[in-house]
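Report on the following structure.
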Amino acid sequence: MVSTTLATGLLLFGVLLTGGARSEGPVFLRMVIPESDTVETALSRHRFAGSTNPEASVRLNGRALRVYPTGAIAGVMELDVGENVFVFTAALGDGDTVRKTLTLLRTRPLESTGRDSLLVDDALMKPAENLWLRTGDVLEVQCKGTPGMRATFMGGRPLRELSPTETGGIEGVYRGIKIIGLDDSLVSAPIVFVLEDSLGRTATRASQGRVTTVDRLLPIVGLTRGERPFFNAGLGTDRLGGAKLEFLVPGIRLLITGKAGDQYRVELGEGMEAWIPEQMVRLEPEGTPPPFSLTGSWVVSGNGRYDLVEVALEQKLPWISRQKSKPSRIEIDLYGAVSNTTWITHVGTAREVRSVHYDQVGSRTFRITIELTHPQIWGYAVRYRGTTLEISVRYPPKEPALSSLTVAVDAGHGGSNEGAMGSTGALEKDINLATAQHLRRILEDRGARVLMTRIDDRFSSNTDRLQRVIAADVDLLVSVHANSIGMASDPEAVRGVSTYYRHPCYRELAVTVLDELRATGLRTFGSVGGFNFLLNAPTELPTVLVEQAFISNPDDEELLLDDEFRREIAERIADGLERFVESSND
Ligand SMILES: [Zn+2]
């Protein structure tokens, strides 16, 4: 793949040329954030980033700005409600000057409805999305309108007006609840709100979200579908999606008890629920029995690469797994299963599984505990073969050395997915690839085999990358990214290197790599757990996400643009992997 490597090298060279310092020629001023000259925002402050000639002096509305050695400028603009005009001027000593004007419109924050009107407006209204509810569920409703009115919903049920201290100062927000009862029969019904003044005049409005009660439809049974369906813990969302509870396989039977927007609510064990996107479920015909199985016999065996725990079931049931340390073990809660296990065959070939046992921890929750030989878990997978649950547990590397490992190196983003952008216009995807290529060479020099998830500027989704890594049965996965702050943060204030992990059993890897990265002299932003990043999600192998530095910070960006610095980052990552491998099972 010489040609693509060459192309990548040229591309990076190009970035460095255009992104780095330019000291010749006429004065220029190029803003990259905000992305356009006119911005409408609800934020009270907005960051800016751009670049100019390194020797230019720059003013923002007359105030001198710091120009970094790369020519970067960055900072925050405080915004009043309404129109805010910012004039940037860049000037060279010879008088050559350029001006750039940005207009930021800060939208008016939500205000109380006027007392001189009588109306329900559509702000803050709940339900905002369609809901399926069953008996016992709590329907929470809310509307906003003229303050001080008598407010009701669903034909006379009272609403309570919240005090402005509960609403951030807004008057006229009314809230109510209703516990769904057996005789409630709603089919795609909007919630109708009524405000009434002292003269008996009324205003009404119906919610966008519609409610359906599903008791008469239960049990609704679905089967998981798609490559890697997952459970969400709740309905929360962030830029990487809601917090994920577990990744599953297709064909698992689920009991669906509700829906909010485009996610089904799934009942697992007693008091245990999960949510799953509707496109990951195929609904089964009415009359399909809900998930249930007696557990059959177990076999524990080893095949020289991993140990296998097999549990015979009659159906594919949902599970959630977790890891514990001291002693190290894997716990798998299987939902809808009832113990009928009479024997467990533990074949002498098993090496990593020290013992297995089970507990019926709820009337329909069956817990499998797998005790391990070594303190460090090197990966496990939960799957089905037919309806037999299979848990495979990887062995630690044969030798505690990089030379006995295959390491997956993942250069974040690529192609149309550019990642974050620095003040000079440097793209995260290019920086990640450059560091990842260094890391590949360093790891290969130290005897490791390396699987790159990308070697050029092509797009591939994180799901595809993950599938290739898991299929290739590699030992460790390192994702290389560069960090960036949000639009309302101060780019000059936040910098440093950080590492992230998802499963507690892989925390040590993130901590060890960060510890080595400290030697770069970078400020350390921290080692952060529970990060909801897809490539940190698998239990199949230890994974770590490295955020090399903040590309949004001009000092960090200058470092990231320096190929020697990227090589050093790669060297320190390799040191961290090496130390982890050598010491993980001391
Ligand atoms: Zn990134």
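The values are calculated or read from the model by the stated rules, or taken from the named source; none is laboratory data. Keep in mind that what you see is a predicted model, and the values were worked out from it rather than measured. Reconstructed Cβ throughout: ideal geometry from the backbone, glycine too, with neighbour counts over all protein chains shown. When the accessible area is computed, the model is the full protein with side chains, heavy atoms only, and any ligands, DNA or RNA have been set aside. Shrake-Rupley method; radii C 1.70, N 1.55, O 1.52, S 1.80 Å.
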Original post:
What's the number of the condition Asp410 fails, among (1) within 16 Å of the ligand (Cβ to nearest atom); (2) touching an Asp or Glu at 6+ places or on another chain (Cβ under 8 Å); (3) charged (D, E, K, R)?
Top reply: (2)
**OP:** Could you grab me the full set of residues in segment 41-96 that are among the small types (Gly, Ala, Ser) and touching a residue at least 60 places away in the same chain (Cβ under 8 Å)?
**Re:** Ala42, Ser44, Ala49, Gly50, Ser51, Gly71, Ala72, Ala74, Gly75, Ala90, Ala91
**OP:** Report whether or not Gly521 is without any contact (Cβ under 8 Å) to a residue 12 or more places away in the chain and closer than 17 Å to Gly576 by Cβ.
**Re:** yes
Subject >> Index of the failed condition, Ser416 passing every other in (1) within 16 Å of the ligand (Cβ to nearest atom); (2) open to solvent by 30 Å² or more (accessible area, probe 1.4 Å); (3) over 30 Å from Arg30 (Cβ atoms) >> reply: (3)
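Residue-by-condition table, conditions (1) within 26 Å of Ser328 (Cβ to Cβ); (2) within 16 Å of the ligand (Cβ to nearest atom); (3) in contact (Cβ under 8 Å) with a residue 12 or more places away in the chain:
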| position | (1), (2), (3) |
| --- | --- |
| Ala420 | no, yes, yes |
| Ala426 | no, yes, yes |
| Ile470 | yes, no, yes |
| Asp473 | yes, no, yes |
| Ser479 | yes, yes, yes |
| Glu492 | no, no, yes |
| Val497 | no, yes, yes |
Original post:
Quick one: would you say Leu451 is surrounded by 22 or more Cβ atoms within 10 Å (Cβ to Cβ) and in contact (Cβ under 8 Å) with a residue 40 or more places away in the chain?
Top reply: no
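Taking strands (runs of 3 or more DSSP E) that do not extend beyond segment 477-586, which have at least 1 residues that are open to solvent by 50 Å² or more (accessible area, probe 1.4 Å), of a type in the set (Phe, Trp, Tyr) and touching a strand residue (DSSP E or B) at 6+ places or on another chain (Cβ under 7 Å)? Quick ask: steps written out before the conclusion?
Working: elements: 497-500, 524-528, 543-550.
Hits in segment 477-586: 524-528.
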Subject >> segment 56-89, residues that are under 18 Å from Val494 (Cβ atoms), part of a loop (DSSP other than H, G, I, E, B) and open to solvent by 70 Å² or more (accessible area, probe 1.4 Å) >> reply: Arg66
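Pick out the one residue from Gly251, Gly287 that is at pLDDT below 95 and part of a loop (DSSP other than H, G, I, E, B).
Details: Gly251 fails: at pLDDT below 95.
Answer to the selection: Gly287.
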Original post:
Taking segment 159-197 as the search range and keeping residues that are at pLDDT 95 or above and over 39 Å from the mean Cα position of the chain (by Cα), which one is nearest to Leu139 (Cα to Cα)?
Top reply: Val194
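Output the residues belonging to segment 108-122 that are hydroxyl-bearing (Ser, Thr, Tyr) and out of contact with any helix residue (DSSP H, G or I) (no Cβ under 9 Å at 6 or more places or on another chain).
The first filter runs over segment 108-122 and keeps only residues hydroxyl-bearing (Ser, Thr, Tyr), leaving 112-113, 117.
Hits for segment 108-122 are Thr113, Ser117.
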Original post:
Which one is farthest from Ser423 (Cα to Cα) among residues in segment 35-55 that are open to solvent by 10 Å² or more (accessible area, probe 1.4 Å) and in a loop (DSSP other than H, G, I, E, B)?
Top reply: Ala42
